[in-house]
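One structure below.
The values are calculated or read from the model by the stated rules, or taken from the named source; none is laboratory data. Here the structure is a predicted model, which means the values were calculated and not measured. Neighbour counts are summed over all protein chains in view; Cβ atoms, including those assigned to glycine, are modelled from backbone coordinates with ideal geometry.
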Amino acid sequence: MRHLLQVICLGLVLLTTWVSSLTAQIPEPGLAKEKLTISGYIKDAASGETLIGASIFVPEIQNGTTTNAYGFYSLSLPPARYTLSISYLGYRRLEAIIDLDIQNIRQDYEMQLVSAELEEVIVTSDAEDRNVSELQMSVNRLDIGTIQKLPTLLGEVEILRSILLLPGVTTVGEGASGFNVRGGSIDQNLVLLDEAPVYNSSHLFGFYSVFNPDAVKDVQLFKGGIPSRYGGRLSSILDVRMKEGNNKKFELNGGVGFIFSRLSVEAPIIKDKASFIVAARRSYIDVLARPFLNEDFDGSALNFYDLTAKTNWSVNENNHLFLSGYFGRDNFRFGEAAGFDWGNGTATLRWNHLFSERLFSNITLYYSDYDYEIHFGEDATNKFDWEASIVNYSIKPELAYYVNPSNLIRFGGHMVVYDFLPGKAIGVSEGEVTDFSLPSKYAIESSVFVENELNIAPGLEVNYGIRLSHFNYTGKGFAYAYGETSAGERRPLIDTREFTQWESIQTYLNPEPRIAIKYEISHHASVKLSYNRMAQYVHLISNTTASTPVDVWTPSTNNLKPQLADQFAAGFFRNFDDNMYEISIETYYKRMQRLVDYIDGADLILNPLIEGDLLSGEGRAYGLESQFSKTEGRWTGWISYTLARTERRVEGINAGKWYPSRYDQLHNLSVTTFYDLSKRWTFSASFAFNSGTPSTFPTSRIEQQGYVIPHNASDGRNNARVPVYHRLDVSLTLNPKEKPGKKWHSEWVFSVYNVYNRRNPFSIYFRQDPKRVMPDIPIMTEAVKLSVIGNFIPSVSYNFKFN
Amino acid sequence: MEYHEFGTGMIKKSIGMTIRKMLFRLSLRTHPPPERAFGTSARPVRTGAGFPSLLKKRGSMVRNNILLRVFLIDFLVSFSGMRNNILLKGSIVEYLVSTVMPFHSRKLVLYLTLMVMLLGACTDVVDINIDPAEDQLVVDAWLNNKSEAQTIRLTLSQPYFSNAFVPAVSDAEVSVTHENGSMFIFTNQGDGDYIWVPEAGGALGEPGDTFQLEIQWKGDVYQAESYMRRVPMIDSIGIEVRDGELGYADGHWAALYARDLPGLGDTYWIKAFKNGVFLNKPLEMNLAYDAAFDAGGEVDGVTFITPIRELINRFPDPDTEDDFETPPYKPGDEVHVEIHSITNAAFFFLQTARDQMNNGENTIFSIPIANTKSNVIRESDGKAVLGFFSVSAVSERTRIVE
């Protein structure tokens, strides 16, 4: 009986697939006479890459559609002659006349990049009105072209760093991995690389991310109004889609920077049918340092690298296969004797299948793995090995049924099998083996969803849906029961039960309703509203300010309940001057339940009774986000400003009262601008300002046995703030003169990070004078500011392209 | 909040200090696992094969390279800080982590140095205004069963930056009662100290006894209870002469050899004295839960693990004649070590205190700081005041460095 719900969920997943294939085969006699369908893919003319979110507008019906994540569109219309007006940011508008009179039409379109023509005349691309017309709110898109123009830290194009310039996205400081969205913690972001979740998106702690910009096609960040096809985390979805690889001709991209070099190759396998991309990066400071090291360091490694690869094959008109993967590692190895390394691996297999012109389906199978290993020991008699991992296997069928231009139904399911290895640790000391391993934990997360995007009246559009998610924490393993104690204390173990493999220990079921509404007041202004409920069943266990690579993920258990969030958002969107300027103003309120927190002195490492050290709390976050962008002309950019508050309340912390969370920032302003100085020189700058993050400061000091111990008289958490943060970065990009028809294109990027050399605080800590305390002299205590980046950092990098 | 940043000279100094501190900290943890045989005395500590020669080269390089001193700073520590977090929270796992890793951290040092040269992470001493809190009574009552004067000190809490002598509470009445009913009156010295002197050869009690503290002050009664736990013998104090090992100044280093008593849950505070001076820096605080750092490891009934064993060497004072280049001991010095048995509550009190005092070492991986938990209760409202009452059994040993 325990498995019942899970079986139901799985059943529904399979059923949806089956039913949809069935419905697809049933001819629709009545409808077919009334309506015909034009469908196909929108692609980049130069590379054959499909374009995500391209707009197809039909003036005759004053309505249209956009391409999905695979570049597919479908429009069902009464037979007539129509004009298709296809537009996509940065591309020339394409107009096509079609005669939809006898039969369904299958037509792919290829669009030309505007910048390719810049040499001759300044042609501006057709600005889009997506800001106003799109139903989805609280979403930010960054195209890779914009990301590449931003000023960089040490010359490396960085995707996660770029999203920090968007409203509502913050970080606790430089070097901290992850990001915080609308008051959520870093583990509340679902980071997807071609649909596979990436559990640690950082290289070198938090300075760089795992995404190789050469292999990335599209980045979307959903902060609110999250459609029901997404789920699993409370605060955001970062959906990173990889390039398919040029299916027209060979292309080589690469770059040389201070930290790492990168190289990518893409080429057709069968022209217009199949292609691949392989992109690799490696840091090489250790290579540069090698001449200074002696042979004792043989076998050492200090680097990080990643490899991203994808291939796709358009089998026929109705079937398209994609296989993509990522593998990356950070290595710290010191000879044979000691090492520490961590990394992610993902693999995604996708099958796009068109059941009909109007029923698009995709089945994704993915595998994702994050693991780390710590190894010490010169020989077999004295060593220590510690490894931990989280592994996912998943199947995810999704279907989209294009009923008519005003009605789109999406439905599908998702099932994930989790295998958590919280810590396998073996110590050998003088030949004696001690095993500290914690047993693996297993869980199955299943969900089904349905959503309906409906154009109710001109200008009024709604997307409503529901996601039903189910979590099954299973054996084999032990389930612990803990006794009650006063809030904030370690709970005592009272009972242990053993479970066999896949025997259900605890299940949870959560309906997650979602709705988003858009009303266009005029062609230039709209109002959007949304509500979403999200459930999260896996948690990152970390109580340090910045998360470390050894932090472990853990499933919801009989003691640790799933986290829940409800978010309401409302926004006003306005475009001016033929969509040259965009304004968006959004406000949100998010309520979070059962957030994970920790008792004072929590023991989180290799502790089998870790749940006894966990606390459960609630959170709330609210704020106002605004963004003003200029999308066209020589001078472009955006200003974003967020006024926000995020707080937590946990029994046992701060006397059970609300307190600001560690990443609370009242004001957050960023200004990002690009200016084309000439055909060859582009200037860009970004400025960031935010309120200081909260921290716990002592109020007084007490003496015990000659030690001075800081003491906080209010026993409060986060009772003070570190000073404000602000920073200016600039960069200049030079495109050397090129002869027409030349195949080698290059650019130099000169950047300065932290131009005015401010030592921004990461934290303030307190200590007694590090010198030995002598009797008869009062003990001195002081506050110390820690700055992770204390210099201005100039850099230069060289990027090239051959095609 | 006002800010005052010191000049680059100050920064360089603090950076140099951090490097050496780091190396020292690493060095504290570079040793083989505990010996298994019962009651073994000190034996020479084995170091990794080929290690000394390697370190010699690296060591001189690090010492001679001013750039390294200048730029190798807290970014580096942030890596070790993460490890430190593991270390302090630890168990035998952490111990094992700590034993081998630092051997080969030198390349990491170089690598991160390059990073840091570019990024320039740094720390600055800053001025901060903190709203003062009300002064509260602080009870500093750590007694033991030694046949010598026992002192309880009563003071008030001070504003964090007051940097003055702590205000004494000199108008209280203090007594300790043994479970058998005998009462020890602590005589007011007028300066915050309250002293009881046992008769020759006498002591407060012995392991297994329970004691009650009572303080009367300004019409309130404060009470606390403590239990004297058992304490193991110190088998020996080992002295090793080190030569050419990075992180170790050439010269004499000491190690404590004692074995945790069988049975889980013994907690100890190990105090070291060099020539009669208690090693009282926060980084020198040496606590043991059974034979290791924490309850989780269940490292029971064996010789104290190496980091604990070696923490009886003083932490250097930079920019004095007692800096990182000076060995902790020289011939003629007296090493005196005491193991104080403490209750688990006292252990957690000291552990929290140490976490608080050393949290800055964890840099970006710092943990939320928490107040120490007192066991002294005000009778009128049942609320805990500040400080702690603990009664320990002590075992001790002294060795003169030859």
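What the table below lists for this structure:
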| item | result |
| --- | --- |
| Residues of the range A:484-502 classified as of a type in the set (Phe, Trp, Tyr) and not in a loop (DSSP other than H, G, I, E, B), total | 1 |
| Within the range A:557-579, tally of residues that are out of contact with any Ser or Thr (no Cβ under 6 Å at 6 or more places or on another chain) and either free of Cβ contacts under 8 Å to residues at least 12 places away in the same chain or not in a strand (DSSP E or B) (or both) | 8 |
| Some residue of the range A:742-753 being closer than 24 Å to residue B:124 by Cβ and in a strand (DSSP E or B) | yes |
| Residue match in the range A:705-717 (condition: of a type in the set (D, E, K, R) and assigned to a strand (DSSP E or B)) | no |
| Residue count, the range A:556-609 (criterion: out of contact with any Leu (no Cβ under 7 Å at 6 or more places or on another chain) and within 14 Å of chain B (Cβ to nearest Cβ)) | 7 |
| Condition broken by residue A:367, with the remaining ones in (1) of a type in the set (Phe, Trp, Tyr); (2) modelled with pLDDT of 95 or more; (3) crowded, with 21+ Cβ neighbours inside 10 Å satisfied | (3) |
| Pick from the range A:142-168, criterion at pLDDT below 85 and more than 22 Å from residue A:796 (Cβ to Cβ), ranking: surrounded by the fewest Cβ atoms within 10 Å (Cβ to Cβ) | A:143 |
| Lone qualifier among B:164, B:200 - being within 30 Å of residue A:766 (Cα to Cα) and among the aliphatic types (A, V, I, L, M) | B:164 |
| Test: residue in the range A:482-498 that is closer than 19 Å to residue A:556 by Cβ and of a type in the set (Gly, Ala, Ser) | no |
| Which listed residue is closer than 27 Å to residue B:376 by Cβ and in a strand (DSSP E or B), from B:213, B:256 | B:213 |
| Qualifying positions in the range A:526-551 - aliphatic (A, V, I, L, M), more than 16 Å from residue A:593 (Cα to Cα) and at pLDDT 95 or above | A:527, A:529 |
| Tally, over the range A:725-759, of residues that are facing chain B (nearest Cβ under 10 Å) and free of Cβ contacts under 8 Å to residues at least 60 places away in the same chain | 3 |
| Breaking point among (1) part of a strand (DSSP E or B); (2) touching a Phe, Trp or Tyr at 6+ places or on another chain (Cβ under 8 Å), for residue B:273 | (2) |
| Residue B:400 vs. criteria of a type in the set (A, V, I, L, M), touching a residue at least 40 places away in the same chain (Cβ under 8 Å), surrounded by fewer than 22 Cβ atoms within 10 Å (Cβ to Cβ) and facing another protein chain (nearest Cβ under 8 Å) | no |
| Scan of the range A:784-803 for residues that are facing chain B (nearest Cβ under 7 Å) and touching a residue at least 60 places away in the same chain (Cβ under 8 Å), ordered by number | A:785, A:788, A:789, A:793 |
| Selected residue (only one of B:263, B:238, B:202 is at positive phi and either surrounded by fewer than 23 Cβ atoms within 10 Å (Cβ to Cβ) or not in a strand (DSSP E or B) (or both)) | B:263 |
| Single residue of B:324, B:389 found to be surrounded by 20 or more Cβ atoms within 10 Å (Cβ to Cβ), in contact with a Pro (Cβ under 6 Å, 6 or more places away or on another chain) and aromatic (Phe, Trp, Tyr) | B:324 |
| Single condition residue A:200 does not satisfy, out of (1) in contact with a helix residue (DSSP H, G or I) (Cβ under 8 Å, 6 or more places away or on another chain); (2) assigned to a loop (DSSP other than H, G, I, E, B); (3) buried (at least 24 other Cβ atoms within 10 Å of the Cβ) | (1) |
| Residue in the range B:178-188 that is within 14 Å of chain A (Cβ to nearest Cβ) and either surrounded by 19 or more Cβ atoms within 10 Å (Cβ to Cβ) or among the charged types (D, E, K, R) (or both) present | no |
| Scope the range A:655-700; condition touching a Pro at 6+ places or on another chain (Cβ under 8 Å) and either free of Cβ contacts under 8 Å to residues at least 40 places away in the same chain or within 24 Å of residue A:543 (Cβ to Cβ) (or both); matching residues | A:659, A:660, A:661, A:662, A:664, A:692, A:694, A:696, A:698, A:699, A:700 |
| Residue under evaluation residue A:384, criteria (1) in contact with a helix residue (DSSP H, G or I) (Cβ under 7 Å, 6 or more places away or on another chain); (2) surrounded by fewer than 23 Cβ atoms within 10 Å (Cβ to Cβ); (3) hydrophobic (A, V, I, L, M, F, W, C), criterion not met | (2) |
| Cβ pairs under 7 Å, 6+ apart, first in the range A:766-778 and closer than 21 Å to residue A:712 by Cα and at pLDDT 80 or above, second in a loop (DSSP other than H, G, I, E, B) and among the aromatic types (Phe, Trp, Tyr) | A:766/B:160; A:778/B:165 |
| Qualifying residue in the range A:156-165 (condition: under 30 Å from residue A:516 (Cα atoms), within 10 Å of the chain's Cα centre (by Cα) and not β-branched (Val, Ile, Thr)) | yes |
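Yes/no per residue for (1) away from every other protein chain (no Cβ under 14 Å); (2) surrounded by 19 or more Cβ atoms within 10 Å (Cβ to Cβ); (3) over 15 Å from the mean Cα position of the chain (by Cα):
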residue: B:301; (1), (2), (3): no, no, yes
residue: B:308; (1), (2), (3): yes, yes, no
residue: B:330; (1), (2), (3): yes, no, yes
residue: B:344; (1), (2), (3): no, no, yes
residue: B:365; (1), (2), (3): no, yes, yes
residue: B:369; (1), (2), (3): no, yes, yes
residue: B:382; (1), (2), (3): no, no, yes
